[in-house]
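Inspection log for the structure reproduced underneath, given as structure tokens.
The values are calculated or read from the model by the stated rules, or taken from the named source; none is laboratory data. If you're wondering where the values come from, they're calculated on a predicted model, not measured in any experiment. All Cβ positions, even for glycine, are placed from backbone atoms using ideal geometry, and neighbour counts span all protein chains on display.
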Amino acid sequence: MVQTAVVILNYNGVGFLEKFLPGVIRHTHDARIIVADNASTDNSVEFLTENYPDVELIRLPRNNGYSQGYNEALQQVEAKYYVLLNSDIEVTENWLNPLIRMMEEDEDTVACQPKILSYYQKDTFEYAGAAGGYIDWLGYPFCKGRLFLTLEKDLGQYDGIYPVFWATGACLAIRSDIFHELNGFDPDFFAHMEEIDLCWRIETYGKKVMYNGNSKVYHVGGGTLPKTSPRKTYLNFRNGLTLLYKNYTSPELWTKFPVRLALDMVACIKFMLFDSFADGMAVLRAHLHFWKGFGINRAKRKSAQKIMRIHNLDTIYRGSVIWQYYVRGHRKFSDLPFAKRHARDQ
């Protein structure tokens, strides 16, 4: 078994492959490099076979999104560690070793991510992952270096190594045995928040998710879907409901889930009145489809609850990031009360 496999899931990303694959090859040592093509309709496959015949190619029969695309591809890859790498990422020298070394030195560390910086503003954290992810008590995700759409400059403030609640799917190193033991990503998520769902299961399973600031990459972002679009709004709200319903404990489900439903409706009204009517409709569709698939989600919840060993996780912010951001005006992770306690715990 090869120790590490870097797997790039590609869909119509020939431009990204042309731009970033040479750097991945140049800076990735002692690891297999694999491109899993998600039934692209551009000339991605032809580009790879003509220009990079030594890069392994997995051709998937249809585009089932990030979640099922990786599930299917990784069934065909034997390695101790998987590194799931977006096609729109520029890696740097020695980006991989700190991640793998950390998991080698601690068998309880199951998943980890590097520092994610913006490709276009290299001194600024990037939206998808920044310096490691968290959620608040209502399941709203945020990151060190990114609260909602506010991004911090990288001043070395997050250069450490520390536990996080979720690691970004844009560059995710993970133990293959645990990935398969926990049945990988939820295929119904398609894209967005599937890594949060998997990391939640990892942590309630009694294992750790980590951030390592000694490794950094630069992410373009919005390579498949733009940062703001009705399609992305739909996926985020639908998947957010599924995420909470699956992973909340029973007391949390009865006390927190109704609050989250109400806040989603507030967001829907705000979209329609002040932002985008199409985004507001996307929230309504998300709720409709969540309840339409309630039977499936109920079965998923039973499965997730069976593996749960730990109920109270220190990496969950027990306050409201919405309250802190929109009411109190806190724009940085360090402004949150959670940050002060979290800093003491490191």
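Is the range 301-310 home to any residue that is surrounded by 11 or more Cβ atoms within 10 Å (Cβ to Cβ), of a type in the set (Val, Ile, Thr) and assigned to a loop (DSSP other than H, G, I, E, B)?
The answer is yes, given that some residue of the range 301-310 is surrounded by 11 or more Cβ atoms within 10 Å (Cβ to Cβ), of a type in the set (Val, Ile, Thr) and assigned to a loop (DSSP other than H, G, I, E, B).
Please state which one of PHE142, PHE47, PHE125 is out of contact with any helix residue (DSSP H, G or I) (no Cβ under 9 Å at 6 or more places or on another chain), aromatic (Phe, Trp, Tyr) and either crowded, with 21+ Cβ neighbours inside 10 Å or free of Cβ contacts under 8 Å to residues at least 60 places away in the same chain (or both).
After ruling out the rest, the residue left standing is PHE125.
On the basis of being in contact with a helix residue (DSSP H, G or I) (Cβ under 6 Å, 6 or more places away or on another chain), part of a strand (DSSP E or B) and more than 24 Å from PRO163 (Cα to Cα), does ILE58 make the cut?
When the stated conditions are applied, ILE58 passes them.
Taking strands (runs of 3 or more DSSP E) that fall entirely within the range 146-234, which contain at least 3 residues that are among the hydroxyl-bearing types (Ser, Thr, Tyr) and at pLDDT 95 or above?
Correct list: 208-219.
Based on this model, can you work out whether GLY132 counts as of a type outside the set (A, V, I, L, M, F, W, C), in contact with a helix residue (DSSP H, G or I) (Cβ under 8 Å, 6 or more places away or on another chain) and surrounded by 22 or more Cβ atoms within 10 Å (Cβ to Cβ)?
Judged against the criteria, GLY132 is not a match.
Inside the range 55-80, can you point out the residues that are under 14 Å from ASP30 (Cβ atoms) and either out of contact with any Asp or Glu (no Cβ under 9 Å at 6 or more places or on another chain) or not assigned by TED's automatic domain parsing to the domain that holds SER40 (or both)?
The answer is ALA79, and nothing else.
Which residues, counting only those in the range 1-31, are part of a strand (DSSP E or B) and surrounded by fewer than 17 Cβ atoms within 10 Å (Cβ to Cβ)?
VAL2, GLN3
Confirm whether ALA170 is closer than 16 Å to PRO141 by Cβ, out of contact with any Lys or Arg (no Cβ under 8 Å at 6 or more places or on another chain) and in the same structural domain as ASP123 (by TED's automatic domain parsing).
yes
Yes/no matrix, rows are residues, columns are (1) over 21 Å from ASP197 (Cβ atoms); (2) surrounded by 22 or more Cβ atoms within 10 Å (Cβ to Cβ); (3) not aliphatic (A, V, I, L, M):
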position: PRO61; (1), (2), (3): yes, no, yes
position: GLY69; (1), (2), (3): no, yes, yes
position: GLU78; (1), (2), (3): yes, no, yes
position: SER87; (1), (2), (3): yes, yes, yes
position: ASN94; (1), (2), (3): yes, no, yes
position: PRO98; (1), (2), (3): yes, no, yes
position: ASP106; (1), (2), (3): yes, no, yes
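Name every residue in the range 249-291 that is surrounded by 18 or more Cβ atoms within 10 Å (Cβ to Cβ) and either in contact with a Pro (Cβ under 8 Å, 6 or more places away or on another chain) or free of Cβ contacts under 8 Å to residues at least 24 places away in the same chain (or both), in order of residue number.
CYS268, ASP279, GLY280, ALA282
Can you name the residue in the range 52-105 that is of a type in the set (Gly, Ala, Ser) and under 20 Å from PHE189 (Cβ atoms) and, of all such residues, is modelled with the lowest pLDDT?
GLY65
Looking at the range 168-189, can you tell me whether even one residue there is over 20 Å from MET210 (Cβ atoms), surrounded by 20 or more Cβ atoms within 10 Å (Cβ to Cβ), of a type outside the set (A, V, I, L, M) and touching a residue at least 12 places away in the same chain (Cβ under 8 Å)?
yes
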